[in-house]
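Peer 1: Please see the structure below; I have some questions.
Please treat every number below as a calculation from the coordinates, not as lab data. Note that the coordinates shown come from a computational prediction; the quantities given were computed from them, not determined experimentally. No Cβ is skipped: glycine too gets one built from the backbone with ideal geometry, and neighbour counts run over all protein chains shown.
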Amino acid sequence: MKETETRGQPNINLEKWINKSESSEETSDIVAFEELDEKDIMNLLEVMKKIYDIEHLYIQWRKIVSQGVSERKSPRSFIEILIRLISVADEKMIEILEEEYTKAGIDLKPFRRDLDLLRMFIKSDVYKNLIKRLLKVWEIKRLYEKTTIVSSVFADIVIQYFQYIKNLMFNNKDLGLHCWDDKRYVECDEDVKSLIESLYRLFFIEKIGIRYSILVREIMTILEDRLREPMSEDPLSIAFDNCVFSWETLSCEPHNPNKIIFHYIPHKINKDLLNKLLKTENITEDLVNKYAPKTLKAFKEWVGDKWIILFEVIGFTLYLRPYKKMIILVDREGRFGNTGKSSFLNYLEMILGEENYSSIPLQAFEDPTANRFQVSAIYRKLANIYADLPEKALSELGGIKAATGEDTIPIEKKYKDSFKWKPYTKHIYSANELPRLVKIDMAYLDRVLIIEFLGLFEKRIHNYINTLRDEIPNAVAVGIAAFHKVLKRGSFSYENTSEDARHIWLSKTDSVYAFMRWLETGGALIKDPSGRIKIDKLYEYYSRYCDIFDRDPVAQNVFTMRLKQYRYEIKRPHNVSTLYGFRLDEKRLEEMLREEESEKT
């Protein structure tokens, strides 16, 4: 179809299109859509905009769209028209487009992002000016010039669209684009690429010969260079629904996009209670019962009088610096499961939100380099929470000490250079059976805080932790204040020594060690330089012990070998294996066995 030479108007009968009578609804008054191309329609709308009031423009636009719908034209044709007529288009025209296609039963879901972007563009002069720059590309012949202009304009649109966007850099390594989401900065490379893809489709860039893969690479390079911002260390602030808590100032501040924050807890925090507790010398049971009675009751059912340590663990996970402790939850002696360990871990996960924790087994950290992709999952996580540790023995503890201390570990990120990171992720595990230590490492055990769960339940409640949800704002305030006191005194409440950890660990992993320690602490095994105990008799009692405590006994030869490993003196007078230096109080031992059997019953 040829254009006239005057004013670039299409060579069509405008009277048939422009009918001022609102009562004229007959489609015969409209030139068939297929007789016009997009340029004709755009010229037509430009003329109508100048000649008629806006209501008549809407009427004619509806007729054009309705005719296009009847011809099964794609909504994308009309989206292109509105983009080209950005100075004419308004939100009402988009609504008409949606109404006509919805009325015809055509799903607009595949075009929803395009329509949403279009709404944004027509509302802002900033975007309109960018689009006017973009439309000039159609007049340029050289492909590299087109690519340069489109890349520049799209980069400007991305920056305008996300408003607060940074390419954070740490230790001379780009960490990728991060966008503000009203609470904190989140990685947004994929979101940016998704927007670029929508723009590429929306503006029909493929029609001018620019390949998407080349364009997106060019735009990402522009954004990374333009938005690069160095970081010296990870921030010490954490966002809640109602404020941002700073560990540096110990105060709650308003959300602020000018401050780098990575973590958001999907709950409010009781700011007034936090301020009060930070000024309080001791956090008493009466005070906690006033603000979080259900939580306190649950913690006492789980760990008894040591309830404060569970609040300290909450604050521990929210502290954004390394702290040389990892938490392991175990059952008290004589209990095997159903003591509340998993419930507490689920409760922690409910507080933190799923984006703030990983679930990697302890064994993966034995060799962080070999398991770098698995280990990298803890990057920028508040906690690594893993229930029911595998029983696989631990042999190389160096990597575990690095991950739980102040050393760096290698981090691998998709399409990024690897880099070293000093993790502040807090490791919290539970175990019915602790993994065996191939070699006792006291430096490792010095990092282990073992919390014994008692399971003192009055009655079991389905979805118990959900009943505690409404107290989370108060419980978090107690937790932060409690851990602040841990930092001041340098230890958790009821913190075990490395020697305590050794005894507990060995007792949980070796029934022979547990049996001998049970004998000694119970007063049935007494040091006596002249004492002698036949291994056969000792093994009989060991077998009864294992039966009562539901543990698998080792063979007698292994039993004897383990005693030697623990530096008990074993000799074979008259070819009979005998323990030297101790005597056995069999009367006391029988009492202990009866007591355990009675308690088990």
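Peer 1: Set the bar at 24 Å for Cα to Cα. Now go through K401/K426; K300/K600; K271/K341; K439/K527; K392/K426; K109/K136 and name every pair that lies beyond it.
Peer 2: K271/K341; K439/K527; K109/K136
Peer 1: Determine the percent antiparallel among the DSSP beta bridges restricted to segment 136-231, to the nearest 5.
Peer 2: Percentage antiparallel, nearest 5: 70.
Peer 1: Still on this structure, please answer the following. By how many nm would the segment from K422 to E229 grow when fully extended, if each residue of separation counts as 0.36 nm and the alpha-carbon distance is taken off?
Peer 2: 67.5 nm
Peer 1: Using the crude model of +1 on Lys and Arg Cβ and -1 on Asp and Glu Cβ, and no other charge, please compute the dipole size for segment 195-312 relative to its Cα centre, in debye to 20.
Peer 2: 420 debye
Peer 1: Report, for the chain, the % of DSSP beta bridges that are antiparallel, rounded to 5.
Peer 2: If we restrict to bridges inside the chain, about 55 percent are antiparallel.
Peer 1: Something else about it: Roughly how many debye, to the nearest 20, is the charge dipole of segment 136-231 about its Cα centre, given +1 on each Lys and Arg Cβ, -1 on each Asp and Glu Cβ, and no other charges?
Peer 2: Dipole of segment 136-231, to the nearest 20 debye: 360 debye.
Peer 1: Would you mind checking segment 194-212 for residues with the amide N under 13 Å from a putative spin-label position 7 Å along Cα→C-beta of T221?
Peer 2: None, by backbone N distance to the label point.
Peer 1: Mind checking which of I205, Y386, L117 is farthest towards the positive end of the chain's charge dipole, using Cβ charges of +1 (Lys, Arg) and -1 (Asp, Glu) about the Cα centre?
Peer 2: Y386
Peer 1: Now for a separate question. Starting from the 7 Å offset along Cα-to-Cβ, what nm value, one decimal, do you get for the label separation of K128 and K413?
Peer 2: Taking the simple label geometry, K128 and K413 are separated by 3.9 nm.
Peer 1: A further question on this structure: Would you be so kind as to identify which of Y127, I196, P235 lies farthest towards the positive end of the dipole of the chain, taking Lys and Arg as +1 and Asp and Glu as -1 on Cβ and the Cα centre as origin?
Peer 2: Towards the positive end, the residue furthest out is P235.
Peer 1: I've got another one for you. Express in whole angstrom the spacing between the alpha-carbon centres of segment 282-300 and segment 165-228.
Peer 2: Cα centres, segment 282-300 to segment 165-228: 48 Å.
Peer 1: For the chain, what does the helix formula give at 222 nm: sum of -39500 (n - 2.57) over DSSP H segments with n ≥ 4, over the residue count, nearest 500 deg cm²/dmol?
Peer 2: -14000 deg cm²/dmol
Peer 1: Which FRET efficiency, nearest 0.05, do E91 and T467 yield, Cβ-Cβ r, R0 41 Å?
Peer 2: 0.30
Peer 1: What ranking do 466-477, 580-591, 391-402 get when scored by the average of other Cβ atoms within 10 Å per residue, highest first?
Peer 2: Those peptides, ordered most packed to least, come out 466-477, 391-402, 580-591.
Peer 1: Suppose the chain between E391 and D174 were pulled fully straight at 0.36 nm per residue; how much longer would it get relative to their current alpha carbon spacing?
Peer 2: 74.2 nm
Peer 1: In nm, give the distance between the simple-model label positions of K136 and R112, each being 7 Å from the Cα along the Cα-to-Cβ direction.
Peer 2: That separation, rounded to one decimal, is 3.7 nm.
Peer 1: Same structure, new question: Pull the list of the chain cysteines that no other Cys approaches to under 4.7 Å, Cβ to Cβ.
Peer 2: Those would be C546, since no other cysteine Cβ in the chain comes under 4.7 Å of theirs.
Peer 1: Taking the Cα centre of segment 362-463 as origin, sum charge times position over the Cβ atoms of Lys and Arg (+1) and Asp and Glu (-1), and report the length of that vector in debye to the nearest 20.
Peer 2: Using Cβ point charges on Lys, Arg, Asp and Glu, segment 362-463 gives about 500 debye.
Peer 1: Can you tell me the equivalent ellipsoid semi-axes for the chain? Use √(5λ) from the Cα gyration tensor, largest first, whole Å.
Peer 2: 72, 25, 23
Peer 1: If the chain between D528 and T497 were fully stretched, how many nm would it gain, using 0.36 nm times the residue separation less the Cα-Cα distance?
Peer 2: Answer, rounded to one decimal: 8.4 nm.
Peer 1: Here is a further query. Taking the DSSP beta bridges in segment 363-453 as the whole, what percent of them are antiparallel, to the nearest 5?
Peer 2: The answer is about 40 percent antiparallel.
Peer 1: While we're here: For the pair R460 and N282, what calculated FRET efficiency results from E = 1/(1 + (r/R0)^6), where r is the Cβ-Cβ distance and R0 = 56 Å, to the nearest 0.05?
Peer 2: The pair N282/R460 has a calculated efficiency of 0.95.
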